[in-house]
Amino acid sequence: MIEPTAGTVRFDGTDLRTLDGPELRRFRRRAQIVFQVPCASLNPRRTEAEIVSLGLVVHERLDRAAARARVAAMLERVGLSAAHLDRCPHQFSGGQRQRIGIARALVLRPELLVLDEPVSALDVSIQAQILALLRELQEELGLTYLFIAHDLAVVAHVGDRVAVLCLGRIPELGPTRVVLAEPAHPYTRALLAAVPPLDGRRERGAGRLAGEPPSPVRPPAGCRFHPRCPHALPVCRELAPALLEVAPGHASACHLHRAAA
């Protein structure tokens, strides 16, 4: 919906910005998305059956009976009753609506599922159910997830690899367990320090950053984190650091690594 102004988006080696017409239509079957707020991403004027079957009608041109049968099977798979096909979104709970969104995304049998904060709008108990469901579906259907989240506990639970974002750039990338246990970038360490400890042993203010976050509209030159970084070097204000491998499969974009080397 928003045209990119720079950069590339590659999927399976193909730049998606070069696709048009039939090629773009075919790609849309391979990648689907689950949105953050289920009540806002479901058309309130359509029934559950109409919402989930729309992709089948558009891409596979199935008749009503065939599409309804596929939809019923998918809804059962995500933990919903096929007896409620003709209900509208307002007749479901938040967790059920998110399951409808997952069913809509999976009914076309995609390879990639983009999950944009899929549990942040749900209660903790419902979050656990949805995360467990996503795990089961991933193993059963061989899916690849691009999971966007700010909750580090959720990231630790679902992610195999994690890319940390700071004002549109990636300061650290690597295996989730390694990045969360042994963060290499000062920004990642600051994120982890901001999580309240369950035992309450951390001193008040420990790990707190000085200053205000920079504007994402006018990000600072050089390293995006340098205005608040306690280890900033003069070069950090002028030159954006490149990702540098600090361990096998683990990279960090920080001038400190080059200075240490």
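The values are calculated or read from the model by the stated rules, or taken from the named source; none is laboratory data. Owing to the predicted nature of the structure, the values given are computational and were not obtained by experimental measurement. All Cβ positions, glycine included, derive from the backbone under ideal geometry; neighbour counts span all protein chains shown. For the accessible areas, the whole protein counts, side chains as well, though only heavy atoms, and no ligand, DNA or RNA atoms are used. Shrake-Rupley method; radii C 1.70, N 1.55, O 1.52, S 1.80 Å.
Within the set Ala40, Ala66, Ala49, the sole residue that is out of contact with any helix residue (DSSP H, G or I) (no Cβ under 7 Å at 6 or more places or on another chain) and open to solvent by less than 60 Å² (accessible area, probe 1.4 Å) turns out to be Ala66. The set of residues from region 231-247 being open to solvent by 60 Å² or more (accessible area, probe 1.4 Å), more than 24 Å from the chain's Cα centre (by Cα) and free of Cβ contacts under 8 Å to residues at least 60 places away in the same chain comprises His231, Pro234, Arg237, Glu238, Leu239.
Scanning region 214-223 for residues that are farther than 11 Å from Cys166 by Cα and open to solvent by less than 60 Å² (accessible area, probe 1.4 Å) returns Ser215, Pro220, Gly222.
Considering region 167-195, the residues that are among the β-branched types (Val, Ile, Thr) and in a helix (DSSP H, G or I) include one that is surrounded by the most Cβ atoms within 10 Å (Cβ to Cβ), namely Val179.
Using the structure shown, decide if His226 is surrounded by fewer than 16 Cβ atoms within 10 Å (Cβ to Cβ) and at pLDDT 90 or above. So His226 fails the test.
Determine whether Val154 is open to solvent by less than 60 Å² (accessible area, probe 1.4 Å) and either at pLDDT below 90 or within 14 Å of the chain's Cα centre (by Cα) (or both). Against the criterion (open to solvent by less than 60 Å² (accessible area, probe 1.4 Å) and either at pLDDT below 90 or within 14 Å of the chain's Cα centre (by Cα) (or both)), Val154 qualifies.
Filtering region 248-261 to residues that are open to solvent by 40 Å² or more (accessible area, probe 1.4 Å) and of a type in the set (A, V, I, L, M) leaves Leu256, Ala259, Ala260, Ala261. So for region 101-113 (the condition being of a type outside the set (D, E, K, R) and surrounded by fewer than 18 Cβ atoms within 10 Å (Cβ to Cβ)), does at least one residue qualify? Yes; the residues of region 101-113 include at least one that is of a type outside the set (D, E, K, R) and surrounded by fewer than 18 Cβ atoms within 10 Å (Cβ to Cβ).
Total residues in region 43-89 satisfying the condition of being more than 22 Å from Ile126 (Cα to Cα), among the basic types (Lys, Arg) and either outside any loop (DSSP other than H, G, I, E, B) or within 27 Å of the chain's Cα centre (by Cα) (or both): the figure is 4. Filtering region 69-87 to residues that are in contact (Cβ under 8 Å) with a residue 40 or more places away in the chain and open to solvent by less than 30 Å² (accessible area, probe 1.4 Å) leaves only Val78. Considering region 114-140, and only residues there that are surrounded by 15 or more Cβ atoms within 10 Å (Cβ to Cβ) and in a loop (DSSP other than H, G, I, E, B), the residue that is farthest from the chain's Cα centre (by Cα) turns out to be Leu122.
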